[in-house]
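Heads up: the structure comes next, in C-alpha cells.
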Amino acid sequence: MTAEKLNILLVGAGGREHAIAWKLAQSTRVQHIFVAPGNGGTLGSKITNVNIGVSDFPKLIEFALANKIDLVIPGPEQPIVEGIQGEFKKVGIPCFGPSPKAAQMEGSKAFSKDFMKKHRIPTAAYENFTDYEKAKAYIQSVNHKLVLKASGLAAGKGVLMPQTQQEALDALHAIMVTKEFGDAGNEVVIEECLEGEELSFLAFADGYTIIPLPPAQDHKRASDGDVGPNTGGMGCYAPTPIGTPELIEQVKRTILQPTLDGMRRDGFPFVGMLFTGIMLTASGPKVLEYNVRFGDPETEVVLPLLSDDSDLAEILMACVEGRLDSVAITVKKAFAATVVIASGGYPGSYTKGKAITLPQESNDVMIFHAGTSVKENQLVTDGGRVLAVSAVANTLREAVDKAYVGVKSIQFDDMYYRNDIAHRAFKYADEKKTGLSYADAGVSIDAGNLLVQQIKPLVKSTKRVGADSDIGGFGGIFDLKAAGFRDPILVSATDGIGTKLKIAQDCQIHDTVGIDLVAMNVNDLIVQGAEPLFFLDYFACGKLEVDVGKDFVAGVVEGCLQSGCALVGGETAEMPGLYALGDYDGAGFTVGAVEREKILPRMDLMKEGDVVLGLASSGVHSNGFSLVRKIVSSQPGLNYQSPCPWNSEKTLGEGLLVPTRIYVKQLLPVVQKDLIKGMAHITGGGFLENIPRVMPEHLAVIVDAKSYELPPIFKWLKEAGGLSAHEMSRTFNCGIGMIIVADRENVAEITRLLEAVNETVYELGSVTTKEALGGKEVEVRNTECW
C-alpha cells in the first residue's frame, strides 16, 4: 500500500531551513513543503514560502488547518521554546520538535545543567546565579578559567569565554547589569572552562530511541585562526577525524541515551532533533550544552551526508509516531564541508539589500540560503549570515576544496568568509602521519597519567601510622613497628565486587562499588581479629574514562577511611578488546595484622550454648547480584531507573547500590578485649555457607528468623523472585552482615560496647551440636515470618 503524501509546514527562514526543505523535497512521500516565512532560496516546484512569522502561532495554525498540513517542523529555537509543539498538538497536527517542558533543555541553561547533574551526565562543574553580587563574589573566589552563559535564549550568542578574571567580571556585568542579552541574562550559569576539541552531535529521537548523525565540528569565531567575536557559525565539516566509532559509541552510551532516558523518566520525553555540543576533554567527552532543534550550520553539512535511500520525511514521521527503530538511517561513506558567506560587519551591524550573483546550478556544490530575500526579482542580502555553501566528496580535503570553489563563484558587495574551515582536522591528520601510537591501539597513556594526578590527593588522605600513601612508585611500603605491633601475624585477603558492577555501570554510579571493594576485603580481616593496615586496588576496563576511574577510586578511598587502612597502590589496566566500552571490573588486596595471641576464630573455646549475635547489613552488600539482576529482569516494566519498590525516595538502582557495611572500627575494641570467640562475614552463600567457616567440626548453629525484622529489600526480593526461605538463607545475608559467636557471660559487655557506637546488636540464636541438628551445620528456624 502506498503511503499517504505529506504536506509539510517548515517554520523558519535560515540556511538550516533551506537544507531541510532541500532534503525533504527529495522524498517521494512529500507532496509539498510550505516554509514560513522562508527566504530567497526556499522556492521550487515542491517548495513555497508563506509570509507568516515563526512565532505567530494563530496564523500558522490557521494556515496549517486550511492547507491540510500533516507535519510541522520548527527550525529556530524561539518558536520551540515558546511552545509551538503544544499549540499544534491542540489541533491534532504532529510537530517534529519537543514539548514546551522538554524545550527547557535549550531555553534554560540552568535547567539543563541541573538535569545533567541529576542524571550523572558528564559536564563541566558549574553554579547558577540570579544575584549579581553573589555571582561576582564567586568569580573572585576561583582561580581557574570560566565560561559565562546567559541562561535564557540569546540567539546562540549568550556564551562568553573570558581569558582573565577581569574579563569575566566585565562579562558578568554585561549579562546581568547592562542586559546585553535582555531577559536571557536574568540568570547566569558560571562553569569551569573545559579544554579540548569541540564536537556537535545531531541525533533523531522519538522519546525512546536516539540515532546520531556523524559528528560535526563548527567554527564559531568570525575570523581565520579561530579569532574574532563569536558568531552563529562560520562553517562546518563532518565527519570529524576525532569522532571515531569508539567515541561515538561512548557518547551515545554515556550522554545521548542517558539524556533521552532521563527526560522521559522526568516526565518530558524528547521527540525531535537533539543537538548536543560536546567537549572532548582529557578525561572524556563532556556536554557543553543542549539545543533542541537542528543546528545551523551543522544541518547544512550533515543532511547532505544522508544516503539516497534515507528518506528524511519518513524519518521525521517515525520520530513523531514513536517508531524510530523501524526506519533505516544510513549515511554516505564520504565527507562534507560547509562554508558560510557573511555580510561585512557581521556579527555586528551590517547593511542589507545588496545584490547577489550566483553561479549556474552544479552537482558539485549545494548553496543553501540563510539571509537572503527576493526584491523586485533580484536576490539580495537580508541577514548577517547570507549563504552556506556545502560540498560532499570522498575525502575531507576534496570536500573543502569543492566548497571553496563554490564560494568563489558567488558575488555580493562586502562579502566575507573564513578561509580555514576544517583546519583542525587537517592539523590532526598531519600529526597522525608520524605513525601508529599506543593510543591507536586503544590505550591512552595520557588518560592514565591524568587519572593518577586526579586521585593522588584522594589517596594521600588515607595516610596512617605506618604508611604515607604516596603513589607512583613501584610498590607500597608499610612499617609494622611504627604501627605499634609487638609479635604480629599478617593476615591477607583478596576479593572483587561481582555483578553488582553491571548495575553501577547501568546507573552511572561508580563510587559506591569502590566502598564495596574495600568492605569485602577488610571485613574478611576483622573476622580473624586483624586490623586492616593497607589496601591495593585493581581497576580494569576496555577504555579508560577518567571520571569513572576517579569516582571508583574515590569510593575505594572512602572505604579505606572507614576501615582505617592506607591505600598504598593500585593498578589501572586499559584493555581494549577484552572489555566492552563502558565495562570495567575491580579487585582488591588487603593486608592486616593481629597480635599472635589474639587470632580468631578460637574454635578451641567454642562450646554448646554459646550465643550467636548479629549486626545489621545495609542491604544486599556485594553478593547474590546475579540472582538480583535476574529478579529485576523478570519484573515487567521494571528497570534500575524505576522508583525503588521498598524506598520511593530512590531509584531501584540507587536502592541496590547502597554500599556494603564496614564493621572494622566498631569491632576492633571488642576483639581487643578478648570478648569474641569467632566471627563470620556473611557474604555469598548466606548463613548456610559462611557460618560453618568459623565453627569447629562438631558444632552447629541455630538462627532464629524471628529474632530480627527481615529488611524490606529482602522481602521484596523474596516475593518478586518467588524465593524459598532456604534459597534466601544460602544466597543473601538476609539483613545480617556480621555474625559473632561469644560466651553468654560476655554478651552484655559486647552489646554495651557496640551500642556505644550506635550499633544495634541482635541475639540471633545459639551454638549446638551438629548431631542435635541431624548433621546440619546451620539451621534457620521460623522463616515463615519472612
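The values are calculated or read from the model by the stated rules, or taken from the named source; none is laboratory data. Since the model is a prediction, treat every value here as computed from it, not as a measurement. Quick reminder, even Gly has a Cβ in these numbers, built from the backbone with ideal geometry, and neighbours come from all protein chains shown. For accessibility, only protein heavy atoms count, side chains too; no ligands or nucleic acids. Shrake-Rupley method; radii C 1.70, N 1.55, O 1.52, S 1.80 Å.
In region 354-497 the Cα-Cα distances spread across 10 Å bins starting at 0 as 8, 20, 17, 11, 11, 11, 10, 7, 4, 1, 0 percent of all pairs. Normalised Debye scattering of region 188-261 at q = 0.17, 0.21, 0.25 Å⁻¹ gives log10 I(q)/I(0) of -0.81, -1.05, -1.16, counting only Cα atoms as equal scatterers and leaving out solvent.
Mind ranking 195-206, 436-447 by how tightly packed they are, going by the mean number of other C-beta atoms within 10 angstrom, highest first? Show your work: numbers first, answer last.
Numbers: 195-206: 21.0, 436-447: 13.0.
Highest to lowest by the protection proxy: 195-206, 436-447.
Its relative contact order, with pairs defined as Cα atoms under 8 Å and 6+ residues apart, puts the chain at 9 percent. Restriction of the trypsin sites (Lys or Arg not before Pro) in region 56-165 to DSSP coil positions whose beta-carbon has at most 13 other beta-carbons within 10 angstrom yields Lys68.
Remark on region 286-329: ratio of C-alpha radius of gyration to 2.2 N^0.38 Å is 1.33.
How many percent of all Cα-Cα pairs in region 448-491 sit more than 14 Å apart?
The share of Cα pairs beyond 14 Å in region 448-491 comes to 58 percent.
All alpha carbon pair distances within region 119-170 were sorted into 10 Å bins beginning at 0; the resulting P(r) in whole percents reads 20, 55, 24, 1.
Can you give the translational diffusion coefficient of region 256-413 in µm²/s, computed by Stokes-Einstein from the Kirkwood radius over Cα pairs at 10 °C and 1.306 mPa s? If you can, show how the numbers build up before the last one.
Numbers: Rh = 18.2 Å.
For these conditions, the coefficient is 87 µm²/s.
What whole-number volume per residue, in cubic angstrom, does the convex hull of the C-alpha atoms of region 173-301 give?
On the way: hull volume 17.5 nm³, N = 129.
Per residue, the Cα convex hull of region 173-301 comes to 135 Å³.
Average 1/r across all pairs of distinct alpha carbons in region 520-654, invert it, and you get the Kirkwood radius: 18.3 Å.
Think of the chain as having a plus end and a minus end, set by charges on the Cβ of Lys, Arg, Asp and Glu; of Ala447, Asn647, Val72, Val72 sits farthest toward the positive end of this dipole. Ignoring solvent entirely, what values of log10 I(q)/I(0) come out of the Debye formula for region 625-784 at 0.15 Å⁻¹ when each Cα is a single scatterer? The Cα Debye sum returns log10 ratios of -0.90. Considering only His698, Pro100, Val251, and ranking their Cα positions along the charge dipole of the chain that arises from unit charges at the beta-carbon of Lys, Arg, Asp and Glu, the one farthest toward the positive end is Pro100.
When ranked by the protection proxy of mean other Cβ atoms within 10 Å per residue, highest first, what sequence do the peptides 25-31, 231-237, 772-778 form?
On the way: 25-31: 16.6, 231-237: 26.3, 772-778: 14.3.
Ranked by mean Cβ neighbours within 10 Å, highest first: 231-237, 25-31, 772-778.
Given the C-alpha centroids of region 191-225 and region 505-567, what is the distance between them in whole angstrom? First find each Cα centre; the distance between them is then 35 Å.
Annotated for region 1-134: lysine pairs at least 8 residues apart or interchain, Cα distance under 24 Å, count 28. Projection of the Cα convex hull of region 55-172, averaged over all directions and equal to a quarter of that hull's surface, yields 9.1 nm². When peptides 181-188, 242-249, 584-591 are sorted by average Cβ neighbour count within 10 Å, with the highest value leading, the order is 584-591, 181-188, 242-249.
Express the accessible area of the chain per residue in Å², computed with a 1.4 Å probe while the remaining protein chains stay in the model. Mind dumping the intermediate values first?
Details: 32570 Å² over 786 residues.
Here the per-residue accessible area is 41 Å².
Each listed q (0.19 Å⁻¹) maps to a log10 I(q)/I(0) for region 249-313, found by the Debye formula over equal Cα scatterers with no solvent: -0.92. Gyration tensor analysis over the Cα atoms of region 384-461 returns equivalent ellipsoid semi-axes of 43, 19, 9 Å (largest first, whole Å).
Using the Cα centre of the chain as the reference point, and only Cβ charges (+1 on K/R, -1 on D/E), how large is the resulting charge dipole? Debye, rounded to the nearest 20. Mind showing how you got there, number by number?
On the way: 75 positive and 97 negative charges, 152 e Å.
Computed about the Cα centre, the dipole is about 740 debye.
For the chain, what ratio Rg/Rh do Cα atoms give with a Kirkwood hydrodynamic radius?
On the way: Rg = 32.2 Å, Rh = 30.0 Å.
Value, to two decimals: 1.08.
Taken over region 436-577, lysine pairs spaced eight or more positions apart, or on distinct chains, with alpha carbons under 22 Å apart number 10.
Which semi-axis lengths, in whole Å and largest first, follow from the square roots of five times the eigenvalues of the Cα gyration tensor of region 448-543?
Numbers: eigenvalues 143, 73, 21 Å².
Working from the Cα gyration tensor, I get semi-axes of 27, 19, 10 Å.
A straight line joining the Cα centroids of region 114-132 and region 329-404 runs 37 Å.
The alpha carbon radius of gyration of region 715-786, expressed as a multiple of 2.2 N^0.38 Å, is 1.34. Considered as an equivalent ellipsoid built on the Cα gyration tensor, region 537-611 has semi-axes of 38, 15, 11 Å, the largest given first.
For region 592-665 versus region 700-772, the inter-centroid distance based on Cα atoms is 12 Å.
Of the accessible area of the chain, with the probe set at 1.4 angstrom, what percent is carbon plus sulfur?
Details: 16250 of 32570 Å².
That share works out to 50 percent.
Positive-end ranking of Val548, Gly284, Thr769 along the dipole of the chain, with charges on Cβ about the Cα centre, is headed by Gly284.
Across every pair of different alpha-carbon atoms, what Kirkwood hydrodynamic radius in Å does region 320-383 reach? It would help to have the intermediate numbers written out before the result.
Details: mean 1/r = 0.0648 Å⁻¹.
Roughly 15.4 Å, rounded to one decimal.
At a temperature of 20 °C and a viscosity of 1.002 mPa s, determine how fast region 34-115 diffuses translationally according to Stokes-Einstein, using the Kirkwood radius over alpha-carbon pairs as Rh; express D in µm²/s, rounded to the nearest whole number. Rounded, D is 158 µm²/s.
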